[in-house]
Amino acid sequence: MRLIEMEIARRDWQRMICGCGKHAGHLAENLLRLAGHGPSPEPSHVSFEEHVWSPVGLREPAPVVASVALAALAGDMDLAARQWFLDLLHSLVAGEGTDWVSAGRGLDLPKMCQDVAVQGMWLLYEEVMSNRSVNTAGTAFEILTVVEPDRDRLQRVREIAAAWLPVCCRTGLCDEDFDRSDGSR
């Protein structure tokens with residue numbers, strides 16, 4: 001069993017409500033399809049917008065999906081699928097709001113997703129340093145700008161990986177709103 005399958009199996013998807021209003025069971029299937037473990041052995045892009053995140057805020061399954069995305073990134077996968085999981089994780093850690101039902105239960109979904117991403121921080125650093133592609137390194141670095149409290153370490157990686165990071169990451173434009181004095185955004 002792959003890590004992504006293990007992480008999916010340990011969650012009760014039927015108890016979560018998706019942003020589309022249905023039970024979140026279809027998200028597990030879509031995450032497997034994204035990784036190439038669905039009906040087709042090839043990864044296929046699936047949009048999680050309005051299911052897990054929206055421009056307005058994150059939905060209840062967001063922290064669980066963030067955890068599955070990290071499990072997927074820990075495995076070997078197609079470069080396109082790797083980028084899709086990084087993009088998904090980036091949408092979750094950069095989320096700015098929580099759906100009203102979750103907020104009513106006292107949940108801060110963006111913070112929960114960031115806490116999940118912190119647990120996989122070394123996977124993100126490995127992605128940056130692997131130099132698989134400018135896009136995956138850049139997206140992983142952008143996620144790190146949100147979750148990495150050690151700004152000196154992040155700066156050192158920025159210097160080491162500058163040759164293969166996108167301009168926004170090399171120059172600090174992707175983390176310009178980070179307040180370095182107290183670690184808050």
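The values are calculated or read from the model by the stated rules, or taken from the named source; none is laboratory data. It should be emphasised that the depicted structure is a prediction, and the values quoted were computed from it without experimental measurement. Glycine gets a Cβ as well: all are built from the backbone with ideal geometry, and neighbour counts include every protein chain shown. Please note that ligands, DNA and RNA were not included when accessible areas were found on the heavy atoms of the full protein model with its side chains. Shrake-Rupley method; radii C 1.70, N 1.55, O 1.52, S 1.80 Å.
Numbers below:
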{"quantity": "Enumeration of residues in the range 1-23 that are part of a loop (DSSP other than H, G, I, E, B) and within 18 Å of A103 (Cβ to Cβ)", "calculated": "M16, C18, G19, G21"}
{"quantity": "Residue ID - surrounded by the most Cβ atoms within 10 Å (Cβ to Cβ), chosen from residues in the range 33-56 that are out of contact with any helix residue (DSSP H, G or I) (no Cβ under 7 Å at 6 or more places or on another chain) and not polar (S, T, N, Q)", "calculated": "R33"}
{"quantity": "Residue tally, condition open to solvent by less than 30 Å² (accessible area, probe 1.4 Å), in a helix (DSSP H, G or I), of a type outside the set (A, V, I, L, M) and under 15 Å from A69 (Cβ atoms), over the range 111-164", "calculated": "4"}
{"quantity": "For V65: the one exception among (1) under 20 Å from G21 (Cβ atoms); (2) surrounded by fewer than 22 Cβ atoms within 10 Å (Cβ to Cβ); (3) modelled with pLDDT of 95 or more", "calculated": "(2)"}
{"quantity": "Which listed residue, of L88, L79, is surrounded by fewer than 18 Cβ atoms within 10 Å (Cβ to Cβ) and closer than 25 Å to E42 by Cβ", "calculated": "L79"}
{"quantity": "Test for V56: is it touching a residue at least 12 places away in the same chain (Cβ under 8 Å) and under 22 Å from L107 (Cβ atoms)", "calculated": "yes"}
{"quantity": "Every pair of residues 6+ apart whose Cβ atoms lie under 9 Å, when the first sits in the range 60-83 and is charged (D, E, K, R) while the second is assigned to a helix (DSSP H, G or I)", "calculated": "E60/V101; E60/S102; E60/L109; D78/A35; R82/A72; R82/L73; R82/E127; R82/T136"}
{"quantity": "Given (1) surrounded by fewer than 22 Cβ atoms within 10 Å (Cβ to Cβ); (2) closer than 23 Å to V118 by Cβ, number of the condition Q14 does not satisfy", "calculated": "(2)"}
{"quantity": "Tally of residues being within 23 Å of F141 (Cβ to Cβ) and not in a helix (DSSP H, G or I) across the range 56-101", "calculated": "9"}
